[in-house]
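Step one of this worksheet: look at the structure below.
Each value in this text was obtained by applying a stated rule to the coordinates, not by laboratory testing. Quantities reported herein were computed from a predicted structural model and do not represent experimental measurements. Cβ coordinates were reconstructed from backbone atoms using ideal geometry, including for glycine residues, and neighbour counts include every protein chain displayed.
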Amino acid sequence: MTAICIANNKGGVGKTTTAVNLAAGLARLNYRVLLVDVDGQANATYALTGRVHPRPSLYDVLVGERKLETLVSKTNEDQVWIVPGDERLQNVDVELAARPGREWRLAKALHGQEFDYIILDTPPSLGLLTQNALAASHRVLIPISLTEFSLIGMDKLEATIVELRDQLDLVDLEVAGVVATFYEETNTARDTWGVLEKKYEGHMLETRIPKNLDLEKAHRENESVLSFAPNSSGGKAYMALAREVKRLVPAHPRPYDRRRHTQSA
Amino acid sequence: MAPEALARTLRAVAAELERDPALARRIAEALAAPTPDPSPTGEAEGSAGNLTPGPSPARRGESTPTVSLVPLGRGGLSSKRDNQDTDASAPTPAPAPAPLRRARGTRVAPRPPLPENGSPLPAGEGSEVGAARVNRSFRPRLITGASPELGAGIPDPFALYAEKGEQGLRAALAELRTGSLRAIVREHRLDPAGRLAGNNDADKLRAAIVKAVLRAAR
């Protein structure tokens, strides 16, 4: 079991699209994948189930006492399961503020799950939900659209990862890679890519996700682009991303145990 | 609007016209037809040959830049030719349907509001073209999600039929989109031959599900 957090504190960079399609891509490589919708917008839940803010949801696990395994349900993608999110997750920061071990609640809830990969889709913030997702993850995948604005938030995300790693003793929490989304062959995109490549030498993934309307249409039809339009540029790119992620972050053979994985690293 | 955004929008309009020759023909005919009451600028505001890519600025009380769509291959894109094409008072022969492109230095008139049926094309003449477009194009609607009675996971059409009957099943399926329908087919093995695996036609998927459920019920 390997947990990958899809994170970027900037919104609109393709986090949910990447989470949904990466999960579907890994499933097509014969892995069992659990997608956890940690975002209060619950778009990943809608994208793969057609449900809007279903209840109960991850909120009831994080704030209430519900067992996570009671929420795991099948999605429209074969071999992909989901823990759905709902809008109440937006209140988690406030509701968990005074609770001890608040950053670990998701990691504890996931304990013992026997999927090959867990993909965590996070909100566009660095609040408690994202911290929970990072604490529950072994690797972080950062989608980034190649614009000037995207460069601004990257330092903050990096600082948060380092801070969390120190605070929570997450010795193996690392950035698996930075993946370019909404990629177009423009001077701006090329220049931004160049800046990122210098800054994150060795971490920029080879796969670049192109701007492709089929990615949006697939969300509309409540399935991954790999089901909706596998031969589209978006479909091919996400399949390539799944292969690259598989190579960079192999599935851990043991059931999920965040602390044991951390200590064994 | 930024020049890049405008160019992108116009490319999308041109692609739409290339995709739909009947629409292109109608616009070309409207461009060629003389306008009885031209506006002070010499252009026919609201004519079918003028398209507004975004929300109508006229509704916000702003002055409206206008663009005419000029067939390629009929005088090219020279400003002289453009001016001739945008002069509504000078009738020109109806151009053949061809890829259309923006003429420089011209302005876009506001698009009239959509009729109540939401069709981007007027009723009456060419309404069959409008119907074809509606079938092909996506019509956004507010998303409220699948009915709560479907529960979590992939809906069970057999349980739905047992609980609600055929009409209830059809109504429930009508709310679901391709991904969910395909998942039902896969999960309940309703398509052993695998013919529907790559099918993006939601109606066919719904029909196959209902057929399989009714067959099992008999």
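At-a-glance table
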{"quantity": "Separation in nanometres of the label points that stand 7 Å from Cα toward Cβ, at B:ALA2 and B:ALA171", "calculated": "4.8"}
{"quantity": "Residue-averaged beta-carbon neighbours from other chains (10 angstrom radius) around B:182-190", "calculated": "3"}
{"quantity": "16 Å Cα cut-off, lysine pairs counted over the stretch A:153-265 (separation 8 or more, or different chains)", "calculated": "4"}
{"quantity": "Ascending count of other beta-carbon atoms within 10 Å, so fewest first, for A:LYS217, A:LYS199", "calculated": "A:LYS199, A:LYS217"}
{"quantity": "Filtered trypsin sites (Lys or Arg not before Pro), the stretch A:25-112: DSSP coil and at most 12 other beta carbons within 10 Å", "calculated": "A:LYS67"}
{"quantity": "GluC sites (Glu not before Pro) lying in DSSP loop within the stretch A:27-120, provided at most 16 other Cβ fall within 10 Å", "calculated": "A:GLU65, A:GLU114"}
{"quantity": "Exercise: per-residue mean of other protein chain Cβ atoms within 10 Å, A:183-194", "calculated": "0"}
{"quantity": "Helix-only mean residue ellipticity at 222 nm for chain A, each DSSP H run of n ≥ 4 adding -39500 (n - 2.57), per residue, nearest 500", "calculated": "-12000 deg cm²/dmol"}
{"quantity": "Likely footprinting exposure, B:TYR161, A:TYR200, A:TYR46, fewest C-beta neighbours within 10 Å first", "calculated": "A:TYR200, B:TYR161, A:TYR46"}
{"quantity": "Averaged over A:66-79, number of beta-carbon atoms from partner chains that fall within 10 Å", "calculated": "3"}
{"quantity": "Nearest-0.05 FRET efficiency for A:GLU206 and B:ARG215, computed from C-beta distance (R0 56 Å)", "calculated": "0.70"}
{"quantity": "Packing-based exposure ordering (other Cβ within 10 Å, fewest first) of A:SER57, A:SER224", "calculated": "A:SER57, A:SER224"}
